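Enquirer: One structure, as structure tokens, below. Some questions next.
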Amino acid sequence: MNNNGLSRRNFLEKTGKAGVAVGLSATILPSVLASNTAKAASINLPPVPYTQQPLPYDFKALEPSIDALTMEIHFTKHAASYTKNLAEATQAEGVDTSKTSLESLLADISKYSPKMRNNAGGHYNHELFWKVMAPKGSQKPATSLANAIQRDFGSFEAFTTQFSDAGKNRFGSGWAWLVLANDKKLKIGSTPNQDNPLMNVSDIKGFPILGLDVWEHAYYLKYQNKRPDYITNWWNVVNWKFVSDRFDTAMK
Ligand SMILES: [Fe+2]
């Protein structure tokens, strides 16, 4: 952890007021309040912007795992809608997005409306989702993440099985997650709808390292009811370089 992270954590522990982080996070660090206690984990990553960022590849780039039409509709309709609705919610509920990071908003999500919860989560989740994928994937996790996976799940195969099962078994719409928990251990879980592990209302809490969208809009055109086949093929386009870098940064 860098000096800013240390001083920030000390500050939070001394004050015991998680809410203090909200006003500071946009200018110092995106403080990720990974539990609904005052304990804070500072992650030295830039906050996710409130605006939709360009897709880092073409709509057809993830074929054959994910078809171009699904990607186009997913990005330009579904994800864009979450971003638009988030802007409406922040304006209606008086959130100054220049001073409150998206991560801090998510950590305090229980204070806001269902519209804010659904769309702040939807926006954040998709901004991450596009980045954890890449046209040809990138083989395997870096050594540091691979070692952590081995330590916490026993083997890479056990990890992918457990993660896939989290996606397959999420009833209805939602997400599967690999998170770095407050104890710096990797954990797998899932959330309903557009909830995510940064939210104080989430059953699984931590910093999201990898997320998988298992809403039908992510796969139905190509896979129809066969969510397990979508998940199997999705592993082929996981951007392990991005995911490993994210893990390494979160561990600092
Ligand atoms: Fe989605």
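The values are calculated or read from the model by the stated rules, or taken from the named source; none is laboratory data. Not measured: the values here are computed from a predicted model. So basically every Cβ, Gly included, is an ideal-geometry build from the backbone, and we count neighbours across all protein chains shown. To get the accessible areas, we keep the full protein, side chains included, count just its heavy atoms, and leave off ligands, DNA and RNA. Shrake-Rupley method; radii C 1.70, N 1.55, O 1.52, S 1.80 Å.
Enquirer: Quick one: length gained pulling I73 to Q53 fully straight, 0.36 nm per residue minus the C-alpha distance?
Expert: Taking 0.36 nm per residue and subtracting the Cα distance, the gain is 5.6 nm.
Enquirer: When the Debye formula is applied to the Cα atoms of region 83-234, each taken as the same point scatterer, what base-10 log of I(q)/I(0) results at q = 0.11, 0.19 Å⁻¹?
Expert: -0.45, -1.21
Enquirer: Ignoring any ligand, DNA or RNA, what whole percent of the accessible area of region 178-252 comes from carbon and sulfur when the probe is 1.4 angstrom?
Expert: On the way: 1360 of 2770 Å².
Looking at region 178-252 in its full context, I get 49 percent from C and S.
Enquirer: Within a Cβ distance under 14 Å of E88, other residues only, what is the Lys/Arg minus Asp/Glu net charge?
Expert: Its environment carries a net charge of +2.
Enquirer: Divide the volume of the convex hull of the Cα atoms of region 170-252 by its number of residues and quote the answer in cubic angstrom per residue.
Expert: 91 Å³
Enquirer: With a ≥ b ≥ c the root eigenvalues of the C-alpha gyration tensor of region 50-169, is it rounded (a/c under 1.5), prolate (a/b larger than b/c) or oblate?
Expert: oblate
Enquirer: Local charge sum around G167 (other residues, Cβ-Cβ under 11 Å, Lys/Arg +1, Asp/Glu -1)?
Expert: Taking every other residue near G167 into account, the sum is +1.
Enquirer: Could you sort 50-60, 139-149 so that the peptide with the highest average Cβ count within 10 Å comes first and the rest follow in order?
Expert: Sorting 50-60, 139-149 by mean packing, highest first, produces 139-149, 50-60.
Enquirer: Check the straight Cα-Cα distances from K205 and name the aspartates and glutamates below 14 Å, setting aside those fewer than 8 residues away within the same chain.
Expert: Reachable aspartates and glutamates: E103, D108, D183, D195.
Enquirer: Extension gain R151-N236, at 0.36 nm per residue separation less the Cα-Cα distance, in nm?
Expert: Taking 0.36 nm per residue and subtracting the Cα distance, the gain is 28.3 nm.
Enquirer: Per 0.36 nm of contour for each residue apart, how much would the distance between E93 and H217 grow if the chain were fully extended, relative to their Cα-Cα spacing?
Expert: Working: separation 124, 0.36 × 124 = 44.64 nm, distance 2.85 nm.
Answer, rounded to one decimal: 41.8 nm.
Enquirer: So, one more: Under a plain spin-label model, where a point goes 7 Å from the Cα along Cα-to-Cβ, how far apart in nm are S81 and T143?
Expert: 4.7 nm
Enquirer: Suppose we keep just the alpha-carbon trace of region 104-194; what are its Rg and Dmax in angstrom?
Expert: Cα only, region 104-194: 14.9, 41 Å (Rg, Dmax).
Enquirer: Another question about this same structure. At 7 Å along the Cα-to-beta-carbon direction for both M251 and E63, put a label point, then send me their distance in nm to one decimal.
Expert: 3.8 nm
Enquirer: What nm distance separates the two modelled labels at D203 and Q162, each placed 7 Å from Cα along Cα→Cβ?
Expert: Taking the two extended label points, one gets 1.6 nm.
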